[in-house]
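Please read the structure below before turning to the comments.
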2 protein chains.
Amino acid sequence: MLTISVDHNAKTPIYKQIFDQIVHHISIGELQPGNYLPASRTMAGILDVNFHTVNKAYDILRDQGIIALSRNKKYVVKNSPMDDLSLHRLEERESEIIDEAFARGFNEKEIHDFITGIIKSRNRKNKGALKK
Amino acid sequence: MLTISVDHNAKTPIYKQIFDQIVHHISIGELQPGNYLPASRTMAGILDVNFHTVNKAYDILRDQGIIALSRNKKYVVKNSPMDDLSLHRLEERESEIIDEAFARGFNEKEIHDFITGIIKSRNRKNKGALKK
DNA sequence: AATGATGTACTATATGATATAGAACATATA
DNA sequence: TATATGTTCTATATCATATAGTACATCATT
């Protein structure tokens, strides 16, 4: 069950909210390679947004190699191992966070604990969804 | 020596480029609590941007408690330990990155190695600047 | 006391990003 | 054939970003 919600009042653009939540569903295994995404008009109807906005989210997901258009004209989740470009972009964003953490007095161990804490709370939330 | 540069063609807003670089200088100890920031007009002249743009960066730094206006009307770097709000914001940004990493097949150890690598390369770059 | 430098507060304008809307088209499916 | 799909185009409205100019209060220096 693909649950996605958008906040029209948030500062985060709607297309990015959609993008982020699809990536999240993939990250917890709720969306797996081979699974189809809803048609952009369908998704737009459910979320009560314009289908162009959904298309923008799908476009970026495709540009990043996370989804692909299959022969039947439907978007499907790909297996998308980390490539150099994605890694580089992720490093830049992570560097900003690490800078802020250090600027506020964190040391290296505290940063690792910070990461561990987020991953643990993630696993707790999706305990039932984990396989095996 | 406070070296800051802006890229007018980058997609990242100029005020955020300035914000990020000041935070970076603090994070590596090149800017320390008690140090003054250049006057916004001075900084703007050096970077060849409008002083309102510098003010916006300073405003956000002040809102986040990273700098403060001292009695002589100059901005000074504060000691700004992690507070609940800052931690929460950082967690949200970090969660996005962790989601993308997991979505691309990283496991928990690979994420920690990813973090460690960034910190190590940071330390290498600033070896000479480290004290003691 | 006077001058200059500082942050701050307003107005204004221009450009790009975001979101919506509608229309049209090619292709795949039923 | 008819429907659903992604895609492409134009168009409009709103907000964020960046620039610009002006004015003012306060602080430091002369």
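The values are calculated or read from the model by the stated rules, or taken from the named source; none is laboratory data. Computed from a prediction, not measured in an experiment: that's the story for all the values here. Cβ placement follows ideal geometry from the backbone for every residue including glycine, while neighbour counts extend to all protein chains displayed. Accessible surface areas use protein heavy atoms only, side chains included; no ligands, DNA or RNA. Shrake-Rupley method; radii C 1.70, N 1.55, O 1.52, S 1.80 Å.
Please work out the C-alpha center-to-center distance from region B:13-83 to region A:71-132 and express it in whole Å.
The distance from the Cα centre of region B:13-83 to that of region A:71-132 comes to 28 Å.
Say the cut-off is 18 Å between C-alpha atoms; which of A:Lys120/B:Lys109; A:Lys11/B:Lys16; A:Lys16/A:Lys74; A:Lys109/B:Lys109; A:Lys16/A:Lys56 go over it?
A:Lys16/A:Lys74
Nearest 20 debye, what's the magnitude of the dipole of chain B about its Cα centre given +1 on Lys and Arg Cβ and -1 on Asp and Glu Cβ?
Taking the Cα centre of chain B as origin, the dipole is about 900 debye.
Accessible surface of B:Thr3 in the full protein assembly, 1.4 angstrom probe, to the nearest 10 Å²?
The accessible area comes out at roughly 80 Å².
For B:Ile46, place a label point 7 Å out from Cα along the Cα→Cβ vector, do the same in each other copy, and report the separations in nm, one decimal, smallest first.
5.2
Mean Kyte-Doolittle hydropathy of 0.0 or higher plus an axial Cα length of 24 Å or more: which whole DSSP H helices in chain A meet both?
Numbers: long enough: A:84-103 (28 Å, -0.57); A:108-125 (26 Å, -1.06).
Counting only whole DSSP H runs, no helix qualifies.
About its Cα centre, how strong a charge dipole does the protein assembly as shown have in debye, to the nearest 20, once Lys and Arg get +1 and Asp and Glu get -1 at the Cβ? Before the final figure, lay out the partial values.
Details: 40 positive and 34 negative charges, 20 e Å.
Computed about the Cα centre, the dipole is about 100 debye.
Ballpark to the nearest 100 Å², how much total accessible area do B and A bury together, probe 1.4 Å?
Buried area (both sides, nearest 100 Å²): 4000 Å².
Using every Cα-Cα pair within region A:14-77, state what percent have a distance larger than 17 Å.
34
How much accessible surface does B:Glu96 have with a 1.4 Å probe, in Å² rounded to 10?
In the full protein context, B:Glu96 sits at about 60 Å².
Evaluate the relative contact order of chain B (contact order divided by residue number), counting alpha-carbon pairs under 8 angstrom at least 6 apart; express in whole percent. It would help to have the intermediate numbers written out before the result.
Working: 97 pairs, mean separation 28.4, N = 132.
Computed over chain B, the figure is 22 percent.
What share of all Cα pairs of the protein assembly as shown, in percent, falls into each consecutive 10 Å distance bin?
Pairs per bin, as whole percents: 6, 25, 30, 23, 12, 3, 0.
Per residue, how large is the accessible surface of region A:84-125? Use a 1.4 angstrom probe and give square angstrom.
Dividing the accessible area of region A:84-125 by its residue count gives 52 Å².
Ordering A:His25, B:His112, B:His88 by how much accessible area each has at a 1.4 Å probe, largest first, what is the list?
Details: A:His25 10, B:His112 30, B:His88 95 Å².
The ranking, largest first, comes out as B:His88, B:His112, A:His25.
What are the nm distances, shortest first, from A:Leu85 to its equivalents in the other copies, labels at 7 Å along Cα→Cβ?
Reported distances to equivalent positions: 3.8 nm.
Once R0 is set to 22 Å, what does the formula 1/(1 + (r/R0)^6) return for the Cβ-Cβ distance between A:Ser121 and A:Thr12, expressed as a FRET efficiency to the nearest 0.05?
Details: r = 20 Å, r/R0 = 0.93.
Computed FRET efficiency for A:Ser121 and A:Thr12: 0.60.
Which value, in Å² and to the nearest 10, is the accessible area of B:Glu108 when all protein chains are kept and the probe is 1.4 Å?
50
I'd like to know which of A:Ser70, A:Tyr15, A:Phe114 lies farthest towards the positive end of the charge dipole of region A:1-118, counting +1 on Cβ of Lys and Arg and -1 on Cβ of Asp and Glu.
After comparing all options, I get A:Ser70.
Net charge near A:Lys56: determine it from the other residues with C-beta under 12 Å of the C-beta of A:Lys56, scoring Lys and Arg +1 and Asp and Glu -1.
In short, 0.
With the convex hull built on the Cα atoms of region A:1-114, state its orientation-averaged projected area in nm². If you can, show how the numbers build up before the last one.
Numbers: hull surface 35.2 nm².
The orientation-averaged projected area of the Cα hull of region A:1-114 comes to 8.8 nm².
Using helices alone, what [θ] at 222 nm do you get for the protein assembly as shown, with -39,500 (n - 2.57) per DSSP H run of 4 or more residues, divided over all residues and rounded to the nearest 500?
-18000 deg cm²/dmol
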